[in-house]
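Worksheet: one structure, shown below.
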Amino acid sequence: DGTVWARGGNGSGQLGDGTGIERHTPVQVSGLSGVTAIGCGGEQGQALKGDGTVWAWGIYYSYQNGASNYFSHYTPAQISGLTDVRAIACGSAHSLALKNDATLWAWGNNSFGQLGDGTTTDRYTPVQVSGLTGVRSSTSGYMHSLALKKDGTVWAWGSNLHGELGDGTMADRNSPVQVSGVTGATAIAGGQSISLAIITLPVGSPTITTQPTNKTVVAGQPATFTVGVDNPPASLVQQSSSTGSRYLAASIPSDPTYQWQVSTDGGSNWNDLTNGAPYSGADTPTLTVTTSTGLNVYVYRCAVTNTVGITTSDAVVLTVHLGFEGWRALKFTAGELADSSKSGPNAIYGTDGLTNLVKYALGLDPKTTTTTGLPVTSNTANDWVYTYTCPSDRCDLAYAVEVSTDLINWTTSGVAHEYVFSSGGIETWRGRFSRASAPKVFFRLRVSRQ
């Protein structure tokens with residue numbers, strides 16, 4: 001609910017309840033609401049509110065809470081001049097605040113340069129840490145500070161008595177220095193005289209376990225392409241330091257990133273896709289395409305990347321057909337399209353008795369009385385045979401050959417529906433029905449839209 005509660009020692013007001021009384025059960029910190037993060041160090045407490053302001057309470061030794069005196073505050077006070085903060089951290093007697101613009105600010109004790117402003121002067125109010133931009137996160141040790149930048153490097157300043165700054169020396173630093181040999185860091189932590197970082201070490205490129213497949217759709221229907229990826233597992237590798245000591249380091253691959261690409265020339269040249277019509281999911285494992293005939297025979301692939309390398313999926317083709325509605329728009333005038341008795345799927349435009357949907361299915365002109373291109377029957381020694389042809393792009397239709405012995409009851413049972421061959425974009429199909437099952441049969445072709 002955005003409130004803060006505290007317990008323990010309270011001699012300097014570090015519980016923030018308005019008293020100096022030690023508490024063995026939690027008490028609410030006075031006057032705080034809307035809190036999104038908290039921190040504590042030495043005998044001080046801090047809170048970050050949702051509005052980007054920072055509040056502090058407890059001892060003001062060395063001005064670590066931004067106040068210009070040495071007195072304790074028994075209730076929270078706002079840190080002056082500090083807004084738009086997204087994260088806070090506390091050391092023994094100094095504090096850090098990370099702003100939304102990725103700059104870092106510090107105040108309090110600066111005896112060892114832990115404020116990072118190029119001096120060792122204590123600061124009553126926040127000052128910007130010198131030379132640091134692009135900061136992702138920060139933390140404090142006892143008398144030193146750490147920052148993780150967005151590029152995966154780690155920077156440190158302040159006390160270096162035990163080499164906790166990681167720069168190969170034991171000299172204190174009053175401005176940030178880069179921690180030697182650390183790249184690909186994802187998290188940091190600081191202790192009294194120690195610093196830690198989680199880093200991503202090279203393991204192996206991602207493996208694509210599920211490849212995308214070719215898609216054939218009717219214009220306006222969505223088409224989806226998906227890749228499945230197996231990222232290499234973490235492992236332990238033995239390392240040696242410059243002093244000869246040995247240790248184990250975790251080798252952890254980064255999570256893969258995805259980039260779908262398109263080629264409009266059959267795969268010779270590729271361009272990265274971005275989210276926005278007609279594409280969505282361009283940076284995810286599944287790409288969705290809102291199709292149109294303008295995208296017909298475009299080729300797609302996905303590049304999957306981790307810190308080691310890039311693996312590219314198979315290239316696949318999107319085939320987009322007009323569909324019945326697109327065919328109608330080409331064959332009929334605007335006035336005819338508005339009249340379903342002329343252009344509707346079950347309308348018969350001419351005098352041949354064939355509906356528009358059947359003519360579409362067979363690749364015939366709806367406005368021409370048809371005498372050719374119709375299904376034909378024949379027979380062999382064993383079967384009654386029904387043969388028909390259709391365009392190969394009628395992916396929005398389902399075809400079924402049915403038989404009847406009385407023109408009343410129709411069935412597909414016993415009919416072997418077979419693809420024969422394709423030539424020039426026209427497919428030939430046939431239905432076979434055993435002559436032993438009936439001395440004579442009637443055939444018909446049932447066409448339905450999917």
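Rule-based calculations on the coordinates, nothing more; no lab input. On a predicted model such as this, the values are computed, not experimentally measured, just so you know. Don't worry about glycine lacking a Cβ; one is built from the backbone with ideal geometry, like all the others, and counts go over all protein chains shown.
Points worth noting:
- Taking the DSSP bridge list for the chain and keeping only pairs wholly inside it, about 95 percent are antiparallel.
- Near VAL29, the amide H atoms lying under 5 Å from its own belong to VAL4, TRP5, ALA6; only residues 5 or more places off or on other chains count, and H is placed 1.01 Å from N.
- Structure-derived Kirkwood radius over Cα pairs in Å: which label, when the choices are (1) 28.9; (2) 23.3; (3) 27.0: (1)
- Listed peptides 106-114, 362-370, 405-413, 435-443 by packing density, highest first (mean Cβ within 10 Å): 106-114, 362-370, 435-443, 405-413
- Relative contact order for region 292-338, counting Cα pairs under 8 Å that sit 6 or more residues apart, in percent: 35
- Taking the chain and dividing mean pair separation by its residue count, relative contact order in percent (alpha carbons under 8 Å, at least six apart): 7
- With contacts taken as Cα pairs under 8 Å at a separation of at least 6 residues, region 394-450 carries a relative contact order of 47 percent.
- Residues whose amide H falls under 5 Å from that of ARG435, counting only those 5 or more places apart or on a different chain, are ASP383, TRP384, with hydrogens built in the peptide plane.
- Close amide-amide hydrogen proximity is noted between ILE199 and THR186, each under 5 Å apart and 5 or more residues distant or on a separate chain (H modeled in the peptide plane; Pro and chain starts excluded).
- Estimated [θ] at 222 nm from DSSP helical runs (n ≥ 4, -39500 (n - 2.57)) normalised by residues in the chain, nearest 500: -1000 deg cm²/dmol
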